[in-house]
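Asks: Please read through the structure below; I'll follow up with questions.
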Amino acid sequence: MFQKSVRMETKDNRKNMEQKQYRNMLLEAGFSQEQIKAKIDSAVKTFFYGSEEERIYHEAEDETGYLVDTGNNDARTEGMSYGMMMCVQLDMKKEFDRIWKWAKKFMFMEDGDNEGYFAWSCKLDGTKNALGPAPDGEEFFAMALFFASHRWGNGDGIFNYEKEARAILHAAVHKGSNGRAGAPMWNNENHLILFVPGSPFSDPSYHLPHFYDLFALWADEDDRDFFRIAAEESRKYLAISCHPKTGMNPEYAHFDGSPVMEKFWGWEHNHFFSDAYRTAANIGLDKVWADKDYGQYKAPANLIRFLRTPLEAARCVFDVDGTSLDKTVLHPVGLLAATAQGTLAIEKDSADYELALDWVRWFFNTPLRTGGRRYYDNCLYLFALLALSGNYRIY
């Protein structure tokens, strides 16, 4: 009876997903469908197949491909999993399979404490730079693989997308238990995703409750309750880790949402900086996919009200309470893109709606970033373009 009810629930959820309407804020902001399509087509062409000075994606031997962090000249699970998500959203199966094959060939770890995880950074020849994982890569890998399974069907070996996704999530939840080496990527007591496996704190920008809702439907059956709770706890965490006035969050935060003040690798991570920009974008997409408000949806409105314009936002780095710091913003286009995507959480009847539309227009009229730092900015840019046009969807 339990098995039958699960199948019925999954069937009903799938029907609801297929009928779901996705908000197009670019259309709301006054851009035509023709303008929007041309913008997306141009950005995708540049990102994947532009000149050496423009593109992020590269094809390699053995029908593989990788995305380059142009600021660090390496391939990271962050960018690789982002690339896979972009490809499944854009129906680019060839590129998806090439990226996944490169990740499995070079990044996947088959032994040691991190067996079942992916090395977070590799040289462009595939040599591992580190033997540790970064959980944001694993959660994007898993979600992209589930979508690939549903959009294109499962193949053989590593292209049995659903099997691969479930294996990633099973390792992320169960490592360190039942005699298995290593540590999990989620805290098994509070259900919060960790900065790295076993760490005593989190990264707010890793929190993707809209993913966890779907993991609760598609992961191994024994793991589904865990992800159902994780989605709820993640939304609560986003509400407390975003400042109640500025809407800003730190890069790393304790389980109570407060900034981690300790330095890592000589850097502070208690400011609204780089990693932290993604949080608003994630909250905006969560609003579109799930619409489950635990107080987190007010953060993007607070953020655009505090930042006011992209120029003011990029003039310096801020503490989460809004204190100005003598530190340069490294990713101004990424900051603009992620903040614009966050406006998906702002309703049409909100007092902040017109300001939200201004941010959407500023974003749309800004080109992709060029130069050595373009990788992170343009990843966030392409995601925002898909989300704001209603093309970042559940499959």
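The values are calculated or read from the model by the stated rules, or taken from the named source; none is laboratory data. These figures come from a predicted structure and were not determined experimentally. Methodologically, a virtual Cβ is constructed for each residue, glycine included, from the backbone with ideal geometry; neighbour enumeration extends over all protein chains shown. The protein model used for the area step is the full one, side chains on, heavy atoms only, and it has no ligands, DNA or RNA in it. Shrake-Rupley method; radii C 1.70, N 1.55, O 1.52, S 1.80 Å.
Asks: Across segment 347-370, which residue is surrounded by the fewest Cβ atoms within 10 Å (Cβ to Cβ) among those that are more than 21 Å from ALA299 (Cα to Cα), out of contact with any Asp or Glu (no Cβ under 8 Å at 6 or more places or on another chain) and free of Cβ contacts under 8 Å to residues at least 40 places away in the same chain?
Replies: ASN365
Asks: Given (1) over 14 Å from PRO244 (Cβ atoms); (2) open to solvent by less than 60 Å² (accessible area, probe 1.4 Å), where does GLY295 come up short, assuming only one miss?
Replies: GLY295 satisfies every listed condition except (1).
Here's the yes/no breakdown for (1) open to solvent by 20 Å² or more (accessible area, probe 1.4 Å); (2) in a helix (DSSP H, G or I):
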residue	(1), (2)
LYS163	yes, yes
ALA171	no, yes
ASN188	yes, no
VAL196	yes, no
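Asks: On to the next question. Report yes if some residue within segment 243-264 is at positive phi, without any contact (Cβ under 8 Å) to a residue 12 or more places away in the chain and open to solvent by 20 Å² or more (accessible area, probe 1.4 Å); otherwise report no.
Replies: No: zero hits.
Asks: Identify, from the list LYS123, LYS104, LYS93, the residue that is in contact (Cβ under 8 Å) with a residue 24 or more places away in the chain, surrounded by fewer than 21 Cβ atoms within 10 Å (Cβ to Cβ) and under 30 Å from SER177 (Cβ atoms).
Replies: LYS104
Asks: Another question about this same structure. Here are some residues: ASP321, ASP286, ASP326. Which one is touching a residue at least 60 places away in the same chain (Cβ under 8 Å), open to solvent by 40 Å² or more (accessible area, probe 1.4 Å) and among the charged types (D, E, K, R)?
Replies: That would be ASP321, the only listed residue that is touching a residue at least 60 places away in the same chain (Cβ under 8 Å), open to solvent by 40 Å² or more (accessible area, probe 1.4 Å) and among the charged types (D, E, K, R).
Asks: Residues in segment 41-62 that are under 15 Å from LEU124 (Cα atoms), in a loop (DSSP other than H, G, I, E, B) and touching a residue at least 24 places away in the same chain (Cβ under 8 Å): how many?
Replies: Of the residues in that region, 2 qualify.
Asks: Within segment 280-301, take every residue that is within 18 Å of ASP349 (Cα to Cα) and in a helix (DSSP H, G or I) and give me the one that is nearest to the chain's Cα centre (by Cα).
Replies: GLY284
Asks: Out of everything in segment 16-40 that is small (Gly, Ala, Ser) and in contact (Cβ under 8 Å) with a residue 40 or more places away in the chain, what residue ends up being most open to solvent (accessible area, probe 1.4 Å)?
Replies: Here the answer is GLY30.
Asks: Further, regarding this structure: From SER177, SER199, which residue is under 21 Å from the mean Cα position of the chain (by Cα) and without any contact (Cβ under 8 Å) to a residue 12 or more places away in the chain?
Replies: SER199
Asks: Determine whether ILE304 is of a type outside the set (Gly, Ala, Ser), buried (at least 17 other Cβ atoms within 10 Å of the Cβ) and assigned to a loop (DSSP other than H, G, I, E, B).
Replies: No, not satisfied.
Asks: Starting from residues that are closer than 23 Å to ALA384 by Cα and of a type in the set (Ser, Thr, Tyr), keep the ones in segment 44-75 and report whichever is most open to solvent (accessible area, probe 1.4 Å).
Replies: Residue satisfying both the conditions and the ranking: TYR49.
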